[in-house]
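The values are calculated or read from the model by the stated rules, or taken from the named source; none is laboratory data. Just so we're clear, the structure is a prediction, and the values are computed from it rather than from any experiment. Note: ideal-geometry Cβ built from the backbone for every residue, glycine included; neighbour counts use all protein chains shown. Only protein heavy atoms, including side chains, enter the accessible area calculation; ligands, DNA and RNA are left aside. Shrake-Rupley method; radii C 1.70, N 1.55, O 1.52, S 1.80 Å.
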Amino acid sequence: MSRNPSTPQPKPNRSESAVILSFTLAAILLAYAIVLLDAAGPARDAVAEILKHGDDFGVNYLPDLDFIVGVRFVFSGVLYLVLAVAFAALAVASRIGPRWSVVALGVFCMVGTLVVLYLTVAQGLSRSFVGYELTRMLHSAAPPWVALTDGMPALTTLFGLPLVGILLIRQHLRNADLSHRIAP
């Protein structure tokens, strides 16, 4: 049984701009993760010191302070770190991986983006006076660049991820059109 020699199919051309944008989003999220994780301890210690020396009533807020630092700084920092790794993996998969890995990582990035967006909105809608005051104190005790981490990761991923998807879909459609033109 002999096979008919077929014309070689061209290797699919991957979208370089989608890869670069995915790596850029990963780098931005990694920077936010580092900033939050680095600022968590010193900010918490500074506010705890203020609460301990203020009055006896301020000591009651230490568990609330630990919760807010855990959610606003540590959990958010770890989430940004995981999302940065996911975007870097999406970039690698977009460059050399099979289509299913690009789709799976894209869905994972989308879920992570929605979680980041939800956390950003939920933290902004916090109605507790104690939570608001402690958050304000944490931001004043943290380095000034921490204030940028409030909404920027959500906006970065919310606008960046659809753009990566559009670039990948556009390149896929171009490849499909090219393969139809080459096929006899």
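Miscellaneous remarks
- Once the C-beta distance of Asp66 and Leu158 is scaled by a Förster radius of 41 Å, the resulting FRET efficiency is 0.90 to the nearest 0.05.
- In this simple spin-label model, placing a label point 7 Å from the Cα along the Cα-to-Cβ direction at both Val85 and Ala27 gives a separation of 2.1 nm.
- Sites Val74 and Ala147, calculated FRET efficiency, Cβ-Cβ separation with R0 22 Å, nearest 0.05: 0.80
- Applying 1/(1 + (r/R0)^6) with r as the Cβ-Cβ distance of Ile20 and Leu114 and R0 = 25 angstrom yields a FRET efficiency of 0.60.
- Fraction of accessible area attributable to carbon and sulfur, the stretch 16-177 (%, probe 1.4 Å): 74
- Placing a pseudo-label 7 Å from each Cα along the Cα-to-Cβ vector at His172 and Val59 gives an inter-label distance of 6.1 nm.
- Put the Cα centre of the stretch 20-96 next to the Cα centre of the stretch 100-147 and the gap is 9 Å.
- Seen from a random direction on average, the alpha-carbon convex hull of the stretch 108-148 projects onto 3.4 square nanometres.
- Mean Cβ count within 10 Å, highest first, over the residues of peptides 144-153, 20-29, 90-99: 20-29, 90-99, 144-153
- Across the stretch 16-177, the mean sequence separation of Cα contacts (distance under 8 Å, 6 or more residues apart), normalised by length, yields a relative contact order of 38 percent.
- Proportion of all alpha-carbon pairs of the stretch 46-163 beyond 17 Å (%): 61
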